[in-house]
Amino acid sequence: GDSVTQTEGLVTLTEGLPVMLNCTYQTIYSNPFLFWYVQHLNESPRLLLKSFTDNKRTEHQGFHATLHKSSSSFHLQKSSAQLSDSALYYCALTGGYKVVFGSGTRLLVSP
Amino acid sequence: GGIITQTPKFLIGQEGQKLTLKCQQNFNHDTMYWYRQDSGKGLRLIYYSITENDLQKGDLSEGYDASREKKSSFSLTVTSAQKNEMAVFLCASRDRGTEVFFGKGTRLTVV
């Protein structure tokens, strides 16, 4: 079945440094939707980015990601981390009705 | 816009008890989901429903039942609560081709 892999459970960074959170996936669908969700403390996950177009960069709130079907990847990046970026980040995939999430990466940004 | 309402917000049960969690959405979305969130394990799909009276098992369906009697509502039953179980259950909905929207969650504690 479909699966999403986020290899880092925890990423710790100093403010101002670049952010990269990894996401790879496996799916039977040739045109999957990929998503990044962000969850702040005591809140529900909310959409950060989405894409279904191969090799096209998508951006929102300073974050960006590019879907690469050749490597089944959808890594999340930001050029300069802010304290307010500290949160739990989920990568997710759908090709039909079922939506599968990764195990999440907690990003902690310190001064 | 719309909203997903989950009740109750907090649920304390006893070992072996049958417990029901409720979810209502006014997005008019066809598909609804129940996810379980445990620290370090991400969001795991319990059940989903693509339309009224439809039920599809997710990866974590054992120990749970679900019911979708109306398009707007989707309930989840823990058939026999496990001692020391603690998790957040998130209800979500979407239309095909769009992202998932989440409710605020029900936090379950079993004593």
For residues of A:91-104, the mean tally of beta carbons on other chains within 10 Å: 5
Chain B: most fluctuating residue of B:Gln56, B:Gln24, B:Gln37 per GNM, C-alpha cutoff 10 Å: B:Gln56
Estimated buried accessible area (total), pair A and B, 1.4 Å, Å² to nearest 100: 1700 Å²
Label point distance in nm, B:Ile50-B:Lys71, each placed 7 Å from Cα along Cα→Cβ: 1.7 nm
Local electrostatic count, A:Ser84, Cβ distance below 15 Å [Lys/Arg +1, Asp/Glu -1]: 0
Two-decimal Rg to Rh for the protein assembly as shown - Kirkwood Rh, Cα set: 0.97
Under the Debye formula (equal points on every Cα, no solvent term), log10 I(q)/I(0) of chain B at q = 0.18 Å⁻¹: -0.82
GNM top mover of A:Leu93, A:Leu47, A:Leu21 - chain A, alpha-carbon springs below 10 Å: A:Leu47
Distance from segment A:59-111 to segment B:40-56 (C-alpha centre basis), Å: 22 Å
Chain A: most fluctuating residue of A:Ser30, A:Ser73, A:Ser86 per GNM, C-alpha cutoff 10 Å: A:Ser30
Neighbour cut-off at most 14 other Cβ (10 Å), DSSP loop, GluC sites (Glu not before Pro), segment A:14-111: A:Glu15, A:Glu43
Loop trypsin sites (Lys or Arg not before Pro), segment B:42-91, which have at most 11 other Cβ atoms in a 10 Å radius of their Cβ (DSSP): B:Lys83
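The values are calculated or read from the model by the stated rules, or taken from the named source; none is laboratory data. Just so you know, these numbers come straight off a predicted model, no measurement behind them. Here the Cβ is made from the backbone with ideal geometry for all residues, glycine too, and neighbour counts use every protein chain on show. We work out accessible area using only protein heavy atoms, side chains counted, and drop any ligands, DNA or RNA first. Shrake-Rupley method; radii C 1.70, N 1.55, O 1.52, S 1.80 Å.
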